[in-house]
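The values are calculated or read from the model by the stated rules, or taken from the named source; none is laboratory data. Owing to the predicted nature of the structure, the values given are computational and were not obtained by experimental measurement. Cβ sites come from the backbone with ideal geometry, for glycine too, and all protein chains shown count toward neighbours. Accessible surface is based on the protein model in full, side chains and every heavy atom, while ligands, DNA and RNA are left aside. Shrake-Rupley method; radii C 1.70, N 1.55, O 1.52, S 1.80 Å.
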Protein chains: 2
Amino acid sequence: MLPIALTIAGSDSGGGAGIQADLKTFCAYRVFGTSVVTALTAQNTLGVRGVHAVPPSFVRAQLDAVVSDLRPAAVKTGMLGTVAIVEAVAAGIREHALAAYVLDPVMVATSGDRLLDADAESAVLELLVPLCALVTPNLDEAAILTGRRIAGEDDMRRAAEELVARGAGAALIKGGHLEGDAVLDVFFDGLGQRVWTRPRIPSRHTHGTGCTLSAAIAAGLARGAALPQAVEAGLEFVRRAIAGAPGLGSGHGPLDHFAPVPELSTAASPGDTAATRTAR
Amino acid sequence: MLPIALTIAGSDSGGGAGIQADLKTFCAYRVFGTSVVTALTAQNTLGVRGVHAVPPSFVRAQLDAVVSDLRPAAVKTGMLGTVAIVEAVAAGIREHALAAYVLDPVMVATSGDRLLDADAESAVLELLVPLCALVTPNLDEAAILTGRRIAGEDDMRRAAEELVARGAGAALIKGGHLEGDAVLDVFFDGLGQRVWTRPRIPSRHTHGTGCTLSAAIAAGLARGAALPQAVEAGLEFVRRAIAGAPGLGSGHGPLDHFAPVPELSTAASPGDTAATRTAR
């Protein structure tokens, strides 16, 4: 049976982020993609020119239509925009008892455009974090969610622990915005921590990186992978997608969503290009 | 360079039709997909539960954002909904001088739900047909566009000729809804007619067939195929996608968008499973 995944996110007309990046990633993983659109953007690789809000009741109507007929094996959320949509999505996930939920707490786009109202940040923490199997903040988002500055690996470890203490099944703190030649990602699932480090790929084509990663992890879960394995495969998929970016557009261009998906059928093991260590 | 294609259509939350089917088809063809959302639907394989209209000005804003930065090599339109959106899309295609435009004159969904206001039908004929490289009506849509009952191959030939006379670069009249064991599709491009016949595949999983076909043809054009070749490959891709439908949902389920794409690199020739003849 073809696994089904659901993305609940904004629409990026430029095709590199939002539900478009998610659906392309689901395709790469050979998972059937469904989608609940939370907002429309008029957007390209240079930035967001406009946003059309979707009524929270219509967000919920889409969610109900999908899950009552095409129940997803995994779910991700991306841009939610407002408190009312966070509330509608939280209620829908809870009432339908959706599992394998990956929360990408999208707040600001790669271009710098704000994608979540400031007053919705605490709603994400209070309503969505406790429902998720995994939350995937970058450094800025982790700082907002934990109320602390995050300047290095130790801070990232503490932030991951704190988000699990706040109810997340696990947390992946993405260090891509740290200074330095290496990219550091910290994972904690309540049992142990893992840190992945990789050489940084110098590229301006990073539009939709966070969307693509959370979609890839959800797709891995939909395919039946264990969470650490789905995370590791997702990180490697994104690395390949950045490395192969097609160079479209004159700003932050899209990734290569035709990148090969790492093997998911084996038990979790270090990726061939990743340096992995287990701590604590 | 990775070719870019643009779909201007509705969003199907269930993932089998609309921009979702189009983006999945673009992925299958290894074309970079961009999208302008004209309407949101709360929909699954059983039908359309709700429609959220998008303001025509925001449809145009999405179109402008995409084509100014990610200029498409081919375009398709699907569900447009209202006269005002037909007008906005026609103006955008004309002013940006977009080429290789495939017009799928969507009026009614497979489930029977109406997707175009009755008063928008003449706007499609007057504003969009003259802009398109190809129009792809089914029998009901061809009957509405030409004002004539269409009961068989001769009527289909006449309808194709009439739509070309009304300004379309070419017309493909899809005979899937005709009675009988064979499916008959009639193509006319102002020079010659071609008729493809294929055994009918008995299946209730035909949700998004028209979306997928027009997206496949646009993707073939974006990849550089000549129009008759792109049409023939698109028909064969849809045949394979129906044959491989994954059986999801309890109504009209989606196609198999992971179906193999027919070879596009050779000159137009009969598909390996198609009986083709050229007439007139």
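Worth a mention:
Yes or no, residue by residue, for (1) at pLDDT below 95; (2) within 22 Å of A:Val261 (Cβ to Cβ):
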residue: A:Asp140; (1), (2): yes, no
residue: A:Ala165; (1), (2): no, no
residue: A:Leu172; (1), (2): no, yes
residue: A:His177; (1), (2): yes, no
residue: A:Arg198; (1), (2): yes, yes
residue: A:Ile201; (1), (2): yes, yes
residue: A:Arg204; (1), (2): yes, no
residue: A:Ala216; (1), (2): no, yes
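- Some residue of region B:28-45 being open to solvent by 20 Å² or more (accessible area, probe 1.4 Å), in a helix (DSSP H, G or I) and within 21 Å of B:Ala216 (Cβ to Cβ): yes
- Of all residues in region B:249-262, those satisfying the criterion of being facing another protein chain (nearest Cβ under 8 Å), buried (at least 22 other Cβ atoms within 10 Å of the Cβ) and either out of contact with any strand residue (DSSP E or B) (no Cβ under 6 Å at 6 or more places or on another chain) or in a loop (DSSP other than H, G, I, E, B) (or both) are B:Gly249, B:His257.
- Considering region B:1-27, and only residues there that are over 22 Å from A:His207 (Cα atoms) and assigned to a loop (DSSP other than H, G, I, E, B), the residue that is farthest from the other protein chains (Cβ to nearest Cβ) turns out to be B:Ala17.
- Subset of region B:28-45 that is within 9 Å of chain A (Cβ to nearest Cβ) and among the hydrophobic types (A, V, I, L, M, F, W, C) - its residue that is nearest to A:Ser68 (Cα to Cα): B:Ala42
- Unmet requirement for A:Ala99, which otherwise passes all of (1) closer than 29 Å to A:Glu263 by Cα; (2) in contact with a strand residue (DSSP E or B) (Cβ under 9 Å, 6 or more places away or on another chain); (3) within 14 Å of chain B (Cβ to nearest Cβ); (4) open to solvent by 30 Å² or more (accessible area, probe 1.4 Å): (3)
- Of all residues in region B:96-132, those satisfying the criterion of being in a loop (DSSP other than H, G, I, E, B), under 12 Å from the mean Cα position of the chain (by Cα) and among the aliphatic types (A, V, I, L, M) are B:Val106, B:Met107.
- Check on B:Ala225, over 15 Å from the mean Cα position of the chain (by Cα) and either open to solvent by less than 10 Å² (accessible area, probe 1.4 Å) or within 26 Å of B:Val89 (Cβ to Cβ) (or both): yes
- The set of residues in region A:57-95 being more than 8 Å from chain B (Cβ to nearest Cβ) and over 21 Å from the mean Cα position of the chain (by Cα) consists of A:Ser57, A:Glu95.
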